[in-house]
Amino acid sequence: MSEQLSHPATAGPPGHRYRLLTGPDDAAFCERVSAALAEGYLLYGSPSVTFDGSRVIAAQAVLWPSDPESPTAEVRPL
């Protein structure tokens with residue numbers, strides 16, 4: 001019996017198709033972004049950072065790749 005692996009673009013995302021990951025700019029935030037990439041998400045746009053008065057807060061958008069044959073697959077750059 002052979003197991004057929006599905007391509008991430010044809011399988012549904014494990015959550016929402018678009019996610020904005022935010023949090024303190026620390027190892028835990030980097031691990032969350034890395035976990036999303038390991039699930040099959042792609043980076044979308046540049047990261048953003050701000051200072052809330054006591055710590056740096058980071059944000060990174062990730063996007064689940066869509067089927068390139070789909071008419072709604074077009075993603076426009078920021």
Calculated from backbone phi, Karplus (6.51, -1.76, 1.60) coupling profile of segment 45-56 in Hz, x at Gly/Pro: x, 8, x, 10, 9, 9, 10, 9, x, 9, 7, 8
Gained length - ALA27 relative to ILE57, 0.36 nm times residue gap less alpha-carbon distance: 9.6 nm
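No value in this document is a laboratory result; all are computed from the given coordinates. Every value quoted in this text rests on a predicted model; they were computed, and no experiment measured them.
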